[in-house]
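The values are calculated or read from the model by the stated rules, or taken from the named source; none is laboratory data. Owing to the predicted nature of the structure, the values given are computational and were not obtained by experimental measurement. Methodologically, a virtual Cβ is constructed for each residue, glycine included, from the backbone with ideal geometry; neighbour enumeration extends over all protein chains shown. Surface accessibility is based on the protein's heavy atoms, side chains included, excluding ligands, DNA and RNA. Shrake-Rupley method; radii C 1.70, N 1.55, O 1.52, S 1.80 Å.
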Amino acid sequence: MISHATWRKMWMTALGWAASLVVAFPVFWMVLTSFKTETEAISRVPHLLFAPTLGNYRAIGAQARYLRFAWNSVVVAMGSTLLALLFAVPSAYSMAFHPTRRTRGTLLWMLSTKMMPPVGALVPVYLIFRDTGLLDTRTGLVVVDALANLPIVVWMLYTFFKDVPREVLEAGRMDGASALREIVDLLMPLSLPGIASTSLLAVILAWNEAFWSLTLTAAKAAPLTAFIASFSSPEGLFYAKLSAASTMAIAPILILGWASQKQLVRGLTFGAVK
Amino acid sequence: MSTTQTSAGRRSRASGLPGAGNAGFYANLPSIGVLLLWSVVPLGMTLWFCFRRYNLMAPERNGFDGLGNFRYLLSDPGLGMAVWNTVLLLGAVLVITVGLGTLLAVLFDQEFFGRGLARVLLLAPFFVMPTVSALLWKDMMLQPDNGVLAFLWRSFGFRPVDWFGRLPLLSIIVIVSWQWLPFAVLTLLTAVQSLDAERIEAARMDGAGPIALFRYILWPHLGRAVSATVMIETIFLLGVFAEIYVTTAGGPGFASTNLSFLIYRYVLMEYDIGGAAVASLLAIFLANLLALFLMRSFARNLDT
Amino acid sequence: MAQVELRQVRKSYGGDEIIRGVDLMLRDRELTVFVGPSGCGKSTLLRLIAGLEEITSGDVLIDGERVNEVPPSKRGLALVFQSYALYPHMTVAENMSFSLKLAGVGKAERERKVMEAARILHLEALLTRRPKDLSGGQRQRVAIGRAIVRHPKVFLFDEPLSNLDAALRVRMRLELTRLHRELEATMIYVTHDQVEAMTMADRIVVLQGGQVEQVGSPMELYNHPANQFVAGFIGSPRMNFLEAKAKENGEGETELVIGGSTATAPARLGVDLTGTGDAVTLGIRPEHVQVVSSGGLPTRVQGVEHLGSESYLHLATIAGEPLTVRVNGQTEVRPEQTVEVAFDPRFVHIFDRNGASLRRADDPSSSPAKPVGIGPGVSVV
Ligand SMILES: Nc1ncnc2c1ncn2[C@@H]1O[C@H](COP(=O)(O)OP(=O)(O)OP(=O)(O)O)[C@@H](O)[C@H]1O
Ligand SMILES: [Mg+2]
């Protein structure tokens, strides 16, 4: 005799797992493929049982190219995040603790700059970069990614800063703290978890950013997104190697992302959903 | 009386806010400044190039061109397709992700075995970079010879579909929906979980069945989350680019070209800056139209 | 030497004027209490003095110097917040020495000052703890300690005891008054609790709707409330108010007709009621009403509260107006009973239609008045 509640739970288990397995299947398949030989990878009948090989990883890792792309990704993701934080922290502090009548409007305006599709700025940015020698440089990509993420970073920090009791900062002001000391000695330590998850989101967004990497960089400064794209050309049709490269490219972000999923919702919905 | 009061008020404001007030206010200016540059300079340059003949391959033929670029663009058969594809892509992905997302959010709100792990798996696509997910679908899922779907089709006795050749836009929609579904689920699930259990119980006591519960309790509660989801997705979906770039390159013909890709084509494939500028203007216009509408509904849901 | 002066201070948020022209002189070494109902602007006024809010118009002067534009930390004030606002990521010692560190005070000097404050507040054993590991009362003391180390000219407190339980509140009340004596400091203390105001204050400022209703010592406010609002706000339980009609009885005496009562109550109250019209309000505190066996104002008992040392009768007049009376703790009076009460004329307050107190010739605190009062409503003392 199985109770109604148990039946229900079993149904839900089946449905829930079916849904998540279907959704995650392509990623799972890609990881699996990365351990196959190229022949196994293009077989018309998918191989589930095979002798796993690390050959693809070895082949990819051995390319000097790959290391450069990976390093570009790291530098661009970190650099653009730090740059965005440098601007966003004071900005969010200002709006969270010194609101004026225009604060709400300012916040929405910042968001609206994000509404403009990046292509809208492609022509001018491309020309400016060409004339200033920023094309295909990491610096250029750092700047563009930081600017592109700035509204989101400001918003996310703003919602976290709003949780810090303003009396604590006021106490600091009574104690003689300047705005800078307030931010550095009080606000930042107090909202460290928020700043951490904001940084994480910015890193994720920059790591996965493809539009600017594909249009503004070439051999020198291209990050992993662009490297993976190069597999789409006919001569790059090595599915197993593609899978290995892709797995390596997404693994760090997958882990970071899973670790910060809760904060992510809040940040990406600009505090509308907590 | 009232005039002296306001003038006194103005005087003390002009002489500065006490404390960190001033610094607190100015701290916002750097961000405002760079964002202003980031949005105004490109717009200004775009406007300028709209009326210029300017091809990077023939820079010497640079000059004022009146409405030439507009005429050229309007005669481009790709333009109408690109606008239509952009709108279709946006609409389809929104409907799929929010619709499926709501169902999955309700499902994942239920207790079941291994729910935590299942949820983590469900989120995976969101963290996969666009070029990877595009290639993953193109080469391993939808590939007509050795893709997984082709195998499934064959095992059920159907002829495999040449997805990117025959249904390019649909294929793109599938990829992009797959990428954004987790985000919708995550957001809506968070919202579902914030629903007060007592409210559901109260409605049950009032005799509400599952349908009524969804219609009158859950859906209104989700309004805020849905509006946020739609807005964020719109932000990113208007700029879909890499998924097209690595799969169909906008083709066949213009069948899967959206505005982003059209502009890219003008700039980096035809080097036609003037044409690209006009198309950009159109993209910006379209985005702002949507933004106006979305921001309004979002702002209403906002507590600053 | 520290005195704070406010001149026509106003504060508006958007279009709402929250502080509406406050003039105050807060004297050196006095403990001044701002008291008033919730939302009347007490905190706002305090924050204007502290410099955390910008003044819309008017001036704040500290020791005669205009400080409108002086930043909070340069005004020589210390503020203790209602929520304590301790720095959660710092230890008790770090919390207290933060201001000194910002001011560039040397390490040894900092430690000395922190130890001194810790000794005064009995915090020596807690110096290395963080705020989350402290009890409410201890947090409160750290917040005060943070103020003490700065040796401010003026201490500002915003409802510092409102988050503590009743017993602790009484103890901290005493401790704060002790501190006030020991430090010989000027203090401004905000509360909405009139008991705190009465027990701690040298002078009380009663605020309502962003305006000062009255300033005075606790007993002045108790004995001579300037208006009905102050009369009702100061004293616990609240003063009773009864509608009354004033009449000349033809013998040059004022008679008060208390609504619903058939009898008239001629009372030589020493109040000139001519020109006030006929409608006034009579105010009498529960402790100044007596139950009499006969000849008093007839009332019905609605309820009895026994507090042990004393009891309160909640009565209703014939007109249905409520009336609270303090009686002996052992009273035998029961609900639904009818009792007659009489008022001690020395303690009767009369307010005109606008609530302003009509000044009286005799001072209740001075000599006992002639025992007057014949007939219902007035007892013979
Ligand atoms: N930043 C602000 N913007 C707009 N209105 C405000 C602001 N701060 C306070 N007020 C309003 O000013 C009025 C007085 O507030 P204040 O905090 O001074 O009251 P209070 O007397 O301290 O009350 P309480 O006893 O509840 O603490 C309130 O009506 C409040 O809504
Ligand atoms: Mg207050």
Next item on the list: Kindly provide the set of residues from region C:51-69 that are outside any loop (DSSP other than H, G, I, E, B) and either within 13 Å of ligand 2 (Cβ to nearest atom) or open to solvent by 40 Å² or more (accessible area, probe 1.4 Å) (or both), ordered by number.
Entry: C:Asp59, C:Glu65, C:Arg66
Next item on the list: From C:Phe81, C:Phe98, grab the single residue that is in the same structural domain as C:Leu179 (by TED's automatic domain parsing), closer than 22 Å to C:Arg178 by Cβ and among the aromatic types (Phe, Trp, Tyr).
Entry: C:Phe81
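What's the total number of residues in region A:95-116 that are open to solvent by 20 Å² or more (accessible area, probe 1.4 Å), under 30 Å from A:Ala179 (Cβ atoms) and touching a Ser or Thr at 6+ places or on another chain (Cβ under 7 Å)? Steps first, answer last, please.
Step one: list which residues in region A:95-116 are open to solvent by 20 Å² or more (accessible area, probe 1.4 Å), which gives A:98-102, A:104-106, A:108-109, A:112, A:114, A:116.
Applying the additional criterion that residues be under 30 Å from A:Ala179 (Cβ atoms) yields A:98-102, A:104-106, A:108-109, A:112, A:114.
Those still in the list that are touching a Ser or Thr at 6+ places or on another chain (Cβ under 7 Å) too: A:104.
The qualifying residues number 1.
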Next item on the list: Answer with yes or no whether B:Leu88 is touching a residue at least 24 places away in the same chain (Cβ under 8 Å), surrounded by fewer than 21 Cβ atoms within 10 Å (Cβ to Cβ), more than 7 Å from chain A (Cβ to nearest Cβ) and aliphatic (A, V, I, L, M).
Entry: yes
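Given A:Ser191, A:Ser232, which one is away from chain B (no Cβ under 11 Å), without any contact (Cβ under 8 Å) to a residue 60 or more places away in the chain, out of contact with any Cys (no Cβ under 8 Å at 6 or more places or on another chain) and small (Gly, Ala, Ser)? Don't jump to the end; show me each part of the working.
Values: A:Ser232 fails: away from chain B (no Cβ under 11 Å).
It is A:Ser191.
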Next item on the list: Could you please tell me which pairs satisfy a Cβ distance under 7 Å, a separation of 6+ or placement on different chains, a first residue in region B:187-216 that is not assigned by TED's automatic domain parsing to the domain that holds B:Leu107, and a second residue that is among the small types (Gly, Ala, Ser) and surrounded by 13 or more Cβ atoms within 10 Å (Cβ to Cβ)?
Entry: none
Check: What is the residue count in region A:15-62 for residues that are hydrophobic (A, V, I, L, M, F, W, C), in a helix (DSSP H, G or I), more than 10 Å from chain B (Cβ to nearest Cβ) and buried (at least 19 other Cβ atoms within 10 Å of the Cβ)?
Finding: 1
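Residue by residue, here is whether (1) touching a Ser or Thr at 6+ places or on another chain (Cβ under 6 Å); (2) within 28 Å of A:Gly105 (Cβ to Cβ) holds:
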{"position": "A:Leu157", "(1), (2)": "yes, yes"}
{"position": "A:Glu170", "(1), (2)": "no, yes"}
{"position": "A:Ile183", "(1), (2)": "no, yes"}
{"position": "A:Ser199", "(1), (2)": "yes, yes"}
{"position": "A:Val203", "(1), (2)": "yes, no"}
{"position": "A:Thr215", "(1), (2)": "no, no"}
{"position": "A:Ile228", "(1), (2)": "yes, no"}
{"position": "A:Met248", "(1), (2)": "no, no"}
Margin query: Give all pairs with beta carbons closer than 6 Å in which a residue from region C:191-204 that is part of a loop (DSSP other than H, G, I, E, B) meets a residue that is within 16 Å of ligand 2 (Cβ to nearest atom); count only pairs at least 6 apart in sequence or on separate chains.
Written below: C:His192/C:Ser38; C:Ala201/C:Val33
Next item on the list: Would you be able to tell me the number of residues in region C:24-45 that are more than 8 Å from ligand 1 (Cβ to nearest atom), closer than 19 Å to C:Gly76 by Cβ and of a type outside the set (Lys, Arg)?
Entry: 7
Note to self: Quick check on this structure: which one of A:Val119, A:Val164 is more than 18 Å from the chain's Cα centre (by Cα), in contact (Cβ under 8 Å) with a residue 12 or more places away in the chain, within 10 Å of another protein chain (Cβ to nearest Cβ) and surrounded by fewer than 24 Cβ atoms within 10 Å (Cβ to Cβ)?
What the structure shows: A:Val164
Next item on the list: Among the numbered conditions (1) open to solvent by less than 10 Å² (accessible area, probe 1.4 Å); (2) within 14 Å of chain B (Cβ to nearest Cβ); (3) within 13 Å of ligand 1 (Cβ to nearest atom), tell me where C:Gly15 comes up short.
Entry: (1)
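Where in region B:1-111 are there helices (runs of 4 or more DSSP H), lying fully within it, with 3 or more residues that are modelled with pLDDT under 80?
Working: elements: B:2-14, B:21-26, B:29-50, B:68-75, B:77-109.
In region B:1-111, the matching helices (runs of 4 or more DSSP H) lie at B:2-14, B:21-26, B:68-75.
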Next item on the list: From the list A:Thr215, A:Thr198, pick out the single residue that is within 10 Å of chain B (Cβ to nearest Cβ), over 30 Å from A:Thr37 (Cβ atoms) and part of a helix (DSSP H, G or I).
Entry: A:Thr215
Next item on the list: Exactly one condition in (1) within 10 Å of chain A (Cβ to nearest Cβ); (2) touching a Pro at 6+ places or on another chain (Cβ under 7 Å); (3) surrounded by fewer than 24 Cβ atoms within 10 Å (Cβ to Cβ) is not met by B:Ala255; state its number.
Entry: (1)
Next item on the list: Hey, can you tell me all the residues within region C:17-40 that are over 20 Å from C:Pro160 (Cβ atoms) and away from ligand 2 (no atom under 16 Å from the Cβ)?
Entry: C:Glu17, C:Arg20, C:Gly21, C:Asp23, C:Leu24, C:Met25, C:Arg27, C:Asp28
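Can you go through A:Ser112, A:Ser73 and tell me which one is within 13 Å of another protein chain (Cβ to nearest Cβ) and farther than 30 Å from B:Arg52 by Cβ? If you could, list the steps in order and put the result at the bottom.
Working: A:Ser112 fails: farther than 30 Å from B:Arg52 by Cβ.
Of the residues listed, the single one that is within 13 Å of another protein chain (Cβ to nearest Cβ) and farther than 30 Å from B:Arg52 by Cβ is A:Ser73.
For every residue, the table says whether it meets (1) of a type in the set (Ser, Thr, Tyr); (2) open to solvent by 20 Å² or more (accessible area, probe 1.4 Å).
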| residue | (1), (2) |
| --- | --- |
| C:Ser135 | yes, yes |
| C:Gln138 | no, yes |
| C:Ala143 | no, no |
| C:Leu156 | no, no |
| C:Leu183 | no, yes |
| C:Met187 | no, no |
Notebook entry, point to check: Taking the condition open to solvent by less than 10 Å² (accessible area, probe 1.4 Å) and under 27 Å from the mean Cα position of the chain (by Cα), does A:Val142 pass?
Noted result: no
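Scan C:Leu183, C:Leu156, C:Leu242 and give me the residue that is touching a residue at least 12 places away in the same chain (Cβ under 8 Å) and within 16 Å of ligand 2 (Cβ to nearest atom). Before the answer, list the steps.
Values: C:Leu183 fails: within 16 Å of ligand 2 (Cβ to nearest atom); C:Leu242 fails: within 16 Å of ligand 2 (Cβ to nearest atom).
Testing whether each residue is touching a residue at least 12 places away in the same chain (Cβ under 8 Å) and within 16 Å of ligand 2 (Cβ to nearest atom) leaves just C:Leu156.
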Notebook entry, point to check: What pairs come up if the first residue lies in region C:40-54 and is among the polar types (S, T, N, Q), the second is open to solvent by less than 10 Å² (accessible area, probe 1.4 Å) and within 12 Å of ligand 2 (Cβ to nearest atom), and their beta carbons are under 8 Å apart, counting only those six or more places apart or on different chains?
Noted result: C:Ser43/C:Val190
Notebook entry, point to check: List, please: which pairs have Cβ atoms under 9 Å, are six or more places apart or on different chains, and start with a residue in region C:59-86 that is basic (Lys, Arg) and end with one that is within 16 Å of ligand 1 (Cβ to nearest atom) and assigned to a loop (DSSP other than H, G, I, E, B)?
Noted result: C:Lys74/C:Gly51; C:Arg75/B:Pro18; C:Arg75/C:Gly51
Notebook entry, point to check: Looking at (1) facing chain A (nearest Cβ under 7 Å); (2) open to solvent by 40 Å² or more (accessible area, probe 1.4 Å); (3) in a helix (DSSP H, G or I), which is the one condition that is false for B:Leu117?
Noted result: (1)
Check: Going by the conditions given, is C:Asn227 away from ligand 1 (no atom under 16 Å from the Cβ), assigned by TED's automatic domain parsing to the domain that holds C:Ser135 and farther than 20 Å from C:Leu31 by Cβ?
Finding: yes
Margin query: Please go through (1) at pLDDT 90 or above; (2) open to solvent by 10 Å² or more (accessible area, probe 1.4 Å) for C:Ile120 and return the number of the only condition it doesn't satisfy.
Written below: (1)
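Does B:Ile217 count as farther than 24 Å from A:Gln263 by Cα and modelled with pLDDT under 80?
no
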Note to self: Checking the condition open to solvent by 30 Å² or more (accessible area, probe 1.4 Å), facing another protein chain (nearest Cβ under 10 Å) and at pLDDT 80 or above, which residue from B:Arg166, B:Arg154 passes?
What the structure shows: B:Arg154
Check: Does C:Ser43 qualify as being open to solvent by 20 Å² or more (accessible area, probe 1.4 Å) and within 16 Å of ligand 2 (Cβ to nearest atom)?
Finding: yes
